[in-house]
Structures are given as C-alpha cells and as structure tokens.
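The values are calculated or read from the model by the stated rules, or taken from the named source; none is laboratory data. Just so it is clear, the structure is predicted and the values come from calculations on it, not from any experiment. Cβ coordinates were reconstructed from backbone atoms using ideal geometry, including for glycine residues, and neighbour counts include every protein chain displayed. Remember, those area values only see protein heavy atoms, side chains included, never the ligands or the DNA or RNA. Shrake-Rupley method; radii C 1.70, N 1.55, O 1.52, S 1.80 Å.
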Amino acid sequence: MYFILFSVKWQVSYIPLNDSQYNMNLFLEIPVQSLKFVNKDSVYIASYEIQLTVFDNKGNQLTGDYWFREKLKDTVNFYDSLNLVIPKTAKKYNLRVIDLQGIEVLNINETIKNLDYLVNIRHNIRSDTLLVTFTIINEKSINGELDVSLENMKITRPLKPGIYEDSVHFFVAIFPNGGYQLRFVVKEQGKKIEELTVPFEIERPFYLDEKAWYLKVSQLEYIATPGEINQLRKAKIEERDSLWKAFWKKYDPTPNTEYNEKEAEYFERIAYAEEHFSFGDKGWRSDRGRIYVKFGPPDEVVSRPYELSTKPYEIWYYYRLNLKFVFYDRHGFGEYILVNPQGERI
C-alpha cells in the first residue's frame, strides 16, 4: 500500500512465511528537502533513524527494530528498504523517521489488515503503464475470481488453487498526476469474501505533465528573461528535461552534483508564498510573494493588521540588503499591495 505525508512516501507489503508469521517489507522514499544537512570535513551529510514498532490489538508491542542511516547531499531523493518478521497476530504498526538533528520527518500509525487470499501487493508505473503484482493464497482451492478496478476500468482473474503470483496492468497515460485508488475484490461464486482498497500516486516528472510543466515555467518569471520563458514554453516534450537542466545549471552553486541548491531554494520559496500569501491574496503571484521569492524571508516584519486610522500594512526589513518594502491591504480583505516597488533604503 502506498501513502504520502509531507512528501515522504512509503510502501508496505506482507509475504506469508508460514502459518504464524509474515515478512513485512517496507520501502521508503525521502526527499532531501525534508532532512537537515551538516558540514563534516567539507561534505554535507544527513543522519536519520528509521523506527518500526508492531503491536497486537490491545496495544502490546510484539516486535520492532530500528535502522541508522547517513546520506550525502548528492541526489534528489533517498531510498530505503528494510524488512521485519512479524507474527500474524500483529494488528498495528508505528513508523517513524527521525532526523538526528532533531526533526521528526515522519510519524504514522497504520492498521495491519489480515488478508486470507490476497497479500504482498506491489505496483509501479513504467511508460504510462501501471503494473500491479500480488500474491494469491488459495490453499482451499475455492472456485472464485478476483476483480481489480481502477476508476472505470476493471480486470477479472479466475482464482487458481494454491499459492501463486499474479499481475494486472492498466494504461494510465490519460490520467493526470494525482492520487488514485486500486480496489481488489475476491469473490466466491459471485459473493464477495474479501475486499481491499490500495491508494497510490501517479507522479510523473513535471516536464512530462502538460499542466505541471506550464505552471513550473510560469513560476520562473522572477528569475528568467521573457525570452527564456518563451523558449521553455514552446519546447517539445523530448527537449524539456535538457532545457530545464541547462537553464538551472548557470545558477547551480555545486555543478558537479545532481542536486541544485538554487533550484530547490527557489521553489521552496514559491511553495511558501503559495501557503502564506493566498488567503485573500494571489499566492506566489502576489506582491509579497514576488518579494519573498526574489529576496527570501525578511529579517524583520512589522505588521499592523488592525490599525483604526490607516489601512492594514506590513513593512519588511532586509537589513542584509539595506532595504525595506512597504505593503498595504488595499481593500481590507488580505490583498497586500507593494507601495515602493524598488524598495527603500533603511
């Protein structure tokens, strides 16, 4: 089953070992932005710990383990895989990822659903095809079938006797990026005897998704020239990735690594502006959003949202730049207009 929380992804599957135990497989994808890096001997390193604890239905701990990791800042995402043997009496698990600089990256509690016929569900997308693989346990040799559904598509497989691997695939080129659900129904002579819903994410690289590409290109307006934006907008799909990397290469402070700190910082500022300047305002397109994206967080903010004699206003001070920017709420509904577009000396 696939889940998403604060951009960290994890996938859990269960493989029966015997009558009393499962092998619990866990796969993690952790973006570098969710970890804090420290300089050790001129190399930036993140240290984190993965903790997995398994409980019975009364909350008693049955088993658990932890894993320590150190990673260099040389890629976009970190991938981890681990496994733990758990008893079939297990009902819940707690998964934590802790940055050892003091940040809790992930802390979730999930129910372990004991399934009689269907286990070890995995999925991945390749070339716009979603491949779903799973294990069927039909030791009683029931005469039944399995329905696997995605949106309005359904594939039916007859059940065979014994324990065996099976798979189905769906063509998902028409599906935009976003969250979806796979539905599994096991039937015996038309009667439903087991059902499971598995959420998953379609997350193509942004340059392969039309909507995501044009949005990303539009968001470059605070750093790119009109000519550069026009070139990117008109780029063919097969050209987009290389043109995008070429654009950001000239801003990359560490060009010998895959990770571009300047690009990551720029879009972190875009995301902050969307989150904090969208209530009554225009998010990253607002005046506050533009200043924030171009100059980063101000050193000091003086905010007067409830002045009786004047309109609500904010003053942003950038002491390191010897600049200040003054915004006022034109209509009193949260849309702040920049009074001094070029800023003023402090």
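Region 32-115: Rg/Rh from Cα coordinates, Kirkwood Rh? Let's see the in-between values first.
On the way: Rg = 15.4 Å, Rh = 14.3 Å.
Taking Rg over the Kirkwood Rh, I get 1.08.
Each principal axis of region 175-245 carries a Cα extent, and these read 64, 23, 15 Å when sorted largest first. Translational diffusion coefficient of region 76-156 (Stokes-Einstein, Kirkwood radius from Cα pairs, 20 °C, 1.002 mPa s): 128 µm²/s.
Cα centroid separation, region 75-108 to region 155-199: 27 Å.
Accessible surface of the chain, 1.4 Å probe: 50 percent of it comes from carbon and sulfur atoms. With springs only between Cα atoms under 10 Å apart, run a GNM on the chain and tell me which of Ser20, Ser81, Ser149 wobbles the most. Judging by the Gaussian network model, the answer is Ser20.
Solvent exposure of the chain amounts to 56 Å² per residue of accessible area, where only protein heavy atoms count and the probe is 1.4 Å. With the simple spin-label model, which puts each label point 7 Å out from Cα in the Cβ direction, the Gln101 to Tyr319 separation comes to 2.3 nm.
Less than 15 Å Cβ to Cβ from Leu323, Lys/Arg counted +1 and Asp/Glu -1: what total charge do the surrounding residues give? Each step should come with its number before you reach the end.
On the way: positive: Arg288, Arg290, Lys294, Arg320, Lys324, Arg345; negative: Asp287, Asp299, Glu300, Glu314, Glu344.
Result for the local shell: +1.
Label reach from Lys192 (point 7 Å along Cα→C-beta): in region 127-154, amide nitrogens under 18 Å belong to 144-154. For Pro161, what charge total do you get from the other residues with a beta carbon under 12 Å from its beta carbon, if Lys and Arg give +1 and Asp and Glu give -1? Taking every other residue near Pro161 into account, the sum is +1.
Exceeding 25 Å between C-alpha atoms, which entries from my cross-link table qualify? They are Lys9/Lys160; Lys154/Lys191; Lys58/Lys191; Lys249/Lys294. Too far apart for the 25 Å limit: Lys9/Lys160; Lys58/Lys191. If you work out Cα Rg over 2.2 N^0.38 Å from the coordinates, which of (i) 1.51; (ii) 1.26; (iii) 1.71 do you get? Identified label for the calculated read-out: (ii).
Full extension from Ile223 to Thr89: what is 0.36 nm times the residue separation minus their Cα-Cα distance, to one decimal in nm? Before the final figure, lay out the partial values.
Working: separation 134, 0.36 × 134 = 48.24 nm, distance 5.64 nm.
Once the chain is fully extended between Ile223 and Thr89, it gains 42.6 nm.
Taking Asn322, Asn39, Asn152 in turn, the Gaussian network model of the chain (Cα-Cα springs below 10 Å) assigns the largest fluctuation to Asn152.
Considering only Val38, Val186, Val148, the Gaussian network model of the chain with Cα springs below 10 Å gives its largest mean-square fluctuation to Val38. In terms of overall dimensions, the C-alpha atoms belonging to region 222-330 reach 57, 29, 22 Å along their principal axes, ordered largest to smallest.
Each Lys or Arg adds one and each Asp or Glu takes one away; over the other residues whose Cβ falls under 12 Å from the Cβ of Tyr272, this sums to -2.
Under Stokes-Einstein, with the Kirkwood radius over Cα pairs standing in for Rh, what whole-number D in µm²/s applies to region 118-197 at 37 °C and 0.692 mPa s?
Details: Rh = 13.3 Å.
It comes out at roughly 246 µm²/s.
Once the Kirkwood radius over Cα pairs is known for region 44-179, the Stokes-Einstein relation at 4 °C and 1.567 mPa s delivers a diffusion coefficient of 71 µm²/s.
Here the gap between Glu300 and Arg183, fully extended at 0.36 nm per residue and compared with their Cα-Cα distance, gives a gain of 37.0 nm.
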